Amino acid sequence: MSISGKGLLLVVSGPAGSGKGTVLKCLMEKNDDFVYSVSATTRAPRPGEVNGVNYHYISTEEFEERIKNGGMLEYTRYCENYYGTPKKEAEEVLHSGKNLILEIEVEGAENVKRLYPDAVLIMLLPPSFSVQESRLRGRGTESEEVILKRLERTREELKRLGSYDYVVYNRDGGAEMTADDIISIVRAEKLRLLRSPDAAKKYFE
Ligand code: 5GP
């Protein structure tokens, strides 16, 4: 399926502690052309997370059933849990002309790019690995074991940074500036000629 002339399919990845949640919340508040894709996951909700808002929390059996039925646009296993993008909702948003944001990890991002080559892939990073580490410990929502797994996963993921179109840094207290960076990317991407190959023809109509 091509998404030319429609809403942009935007993939935002970022290691644990990159501040994805805060930045994307800020982005949605600033601009209502974006719709956040609520993923399904088998991991347990963190304190404060709401079913249907942050994720659809489902069992492993249900997740595997949905994979079998073709209900996932993409999915992956991350730190022993399944995460996936529900296909039907994603297609509905893209057809409506809104920009769809997938907040997913690297493997999912690469799969999306293969399926939808005109998707735009953004990697959101903390200013440095040591800032990431202190943010993760500071939020205190994960055990030491989980923190170490996530830091290790970051090293693996950044080996595949080359799959991305953009890297955006999220400084402490800078969520609004970071959201503006993403809005700038989307504005520029929408003006790319490859998204309107018949621009000259249309101009003379
Ligand atoms: P967390 O447990 O911190 O919410 O998410 C762990 C990782 O899974 C993050 O990198 C997040 O972006 C990624 N993720 C969340 N939803 C999806 C999804 O639907 N598909 C894929 N491939 N990754 C996801």
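The values are calculated or read from the model by the stated rules, or taken from the named source; none is laboratory data. These numbers come from a predicted model, not from an experiment. Heads up, the Cβs are rebuilt from the backbone with ideal geometry, glycines too, and the neighbour counts pull from every protein chain shown. Each accessible area value is taken on the protein alone, full model and side chains, heavy atoms only, with ligands, DNA and RNA left out. Shrake-Rupley method; radii C 1.70, N 1.55, O 1.52, S 1.80 Å.
Within the shell of other residues whose beta carbon sits under 12 angstrom from the beta carbon of Gly71, the net charge comes to -2, with Lys and Arg scored +1 and Asp and Glu -1. DSSP beta bridges confined to the chain are antiparallel in about 30 percent of cases.
Angle check, please: helix 20-30 long axis (alpha carbons) against the longest principal axis of the chain (alpha carbons), in degrees 0 to 90, nearest 10. The two axes meet at around 40 degrees. Exposure check, 1.4 Å probe, all protein chains in place: Phe129 carries approximately 70 Å² of accessible surface.
With protein chains left intact and a 1.4 Å probe, residues in the chain average 53 Å² of accessible area per residue. Solvent-accessible surface (1.4 Å probe) assigned to Val168 amounts to roughly 10 Å².
In the chain, the longest principal axis of the Cα atoms and the axis of helix 106-115 are about 20 degrees apart.
Relative to its Kirkwood radius, the Cα radius of gyration of the chain gives an Rg/Rh of 0.97. A 1.4 Å probe over all protein chains sorts Lys68, Lys25 by accessible area into Lys68, Lys25, starting with the largest. Subtracting the Cα-Cα distance of Asp172 and Leu193 from their residue separation scaled by 0.36 nm leaves 4.0 nm. For a test of understanding, tell me how many lysine pairs in the chain have Cα atoms under 13 Å apart, given they are 8 or more places apart or on different chains. Going through the chain pair by pair, I get 4. Each helix, a run of at least 4 DSSP H residues, gives -39500 (n - 2.57); summed and divided by the residues of the chain, these come to -13000 deg cm²/dmol at 222 nm.
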